[in-house]
Amino acid sequence: MPEELVTQSIQLPSGELRLLQPQESAELPDAGGVEWAPIAPYWSVLWRSGVALACELDDLALRGLRVVELGCGLAVPSIAAARGGADVLATDASAEALPLVERNARLNAVRIETAEIAWEQPDELARRRRFDVLLAADVLYEPASVAPLLSLLPRVAKEAWIADPGRGPADAFIEQARRRWEIETRVRDIVRIHRLRFD
């Protein structure tokens with residue numbers, strides 16, 4: 001894990017969420033065009049999709065729900081869900097991200113379980129008891145990710161919340177998902193938050 005960390009403050013409806021972030025990534029705010037990509041590891045960037053999804057979750061009563069986040073990075077949605085009372089598993093393909101997720105959970109007085117899981121290879125997730133809610137913020141960068149995510153979602157959770165700033169692969173994902181499931185979409189700034197129900 002990077003040695004130099006800075007503290008970020010995120011204002012959610014219920015109050016401040018504090019977050020430690022690698023300094024080099026904090027200097028690269030996610031304010032560019034949707035195709036902008038950082039030089040720093042993706043997991044370490046404070047993505048606006050994650051913040052928007054956390055804001056959506058912040059108002060919800062989640063006590064007793066089992067929640068999993070895919071590609072969690074800094075896990076802002078996971079922390080917001082845990083603050084709402086959910087039992088949260090934050091997953092990322094990068095093992096380097098997970099100690100900082102655990103540290104940020106403690107900083108916000110919540111408990112989050114973490115696991116190194118690449119959602120494109122979901123066997124470990126599929127073996128677990130089905131989750132109530134799956135969260136994913138800005139995970140659809142490549143067209144090749146669309147089919148695996150469509151296949152994974154109903155196997156792992158009863159519903160999913162997918163946040164995206166308007167990337168092309170996310171559009172393709174939503175177009176195909178609408179043929180299968182009920183979807184509600186809300187927009188926060190430029191971030192679209194799609195709620196998909198599978199049951």
### Query
Taking the simple approach of a point 7 Å from Cα along Cα-to-Cβ for both A144 and L107, what is their distance in nm?
3.4 nm
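Divide by every residue of the chain the summed helix terms, -39500 (n - 2.57) for each DSSP H run of at least 4, and state the resulting mean residue ellipticity at 222 nm, rounded to the nearest 500 deg cm²/dmol.
Values: 7 runs with 60 residues, N = 199.
Here the helix-only value at 222 nm equals -8500 deg cm²/dmol.
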### Query
What stretch of the chain, leaving out the sites themselves, is the longest with no GluC sites (Glu not before Pro) in a DSSP loop having at most 12 other Cβ atoms within 10 Å?
36-199
## Note on the structure
Rounded to a whole %, the carbon-and-sulfur portion of the accessible area of the chain at a 1.4 Å probe is 47 percent
### Task
Could you state the accessible area per residue of the chain in Å², with a 1.4 Å probe and every protein chain left in place?
45 Å²
#### Entry: FRET E, pair L60, S9, Förster distance 30 Å, beta-carbon r, rounded to 0.05
0.90
### Query
For labels at R18 and D171 in the simple 7 Å Cα→Cβ model, what's the distance in nm?
4.2 nm
### Query
Roughly how many debye, to the nearest 20, is the charge dipole of the range 100-141 about its Cα centre, given +1 on each Lys and Arg Cβ, -1 on each Asp and Glu Cβ, and no other charges?
280 debye
### Message
Given contacts defined as C-alpha pairs under 8 Å and at least six residues apart, what's the relative contact order of the chain, whole-number percent?
### Response
17 percent
### Message
Under a Cβ-only charge scheme (Lys and Arg +1, Asp and Glu -1), can you give me the dipole magnitude of the chain about the Cα centre, in debye to the nearest 20?
### Response
880 debye
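Are there trypsin sites (Lys or Arg not before Pro) in the range 52-110 that DSSP marks as loop and that have at most 16 other Cβ atoms within 10 Å, and which are they?
Sparse-neighbourhood loop trypsin sites (Lys or Arg not before Pro): R63.
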### Message
Compute and list, largest first, the equivalent-ellipsoid semi-axes of the chain from the alpha carbon gyration tensor, each √(5λ) rounded to a whole angstrom.
### Response
23, 19, 17
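The values are calculated or read from the model by the stated rules, or taken from the named source; none is laboratory data. Predicted model only: the values in this text are computed from it and were never measured. In this analysis, Cβ positions are derived from the backbone assuming ideal geometry, glycine residues included, and neighbour counts consider all displayed protein chains. Quick note on the areas: whole protein, heavy atoms, side chains included, nothing else; ligands and nucleic acids left out. Shrake-Rupley method; radii C 1.70, N 1.55, O 1.52, S 1.80 Å.
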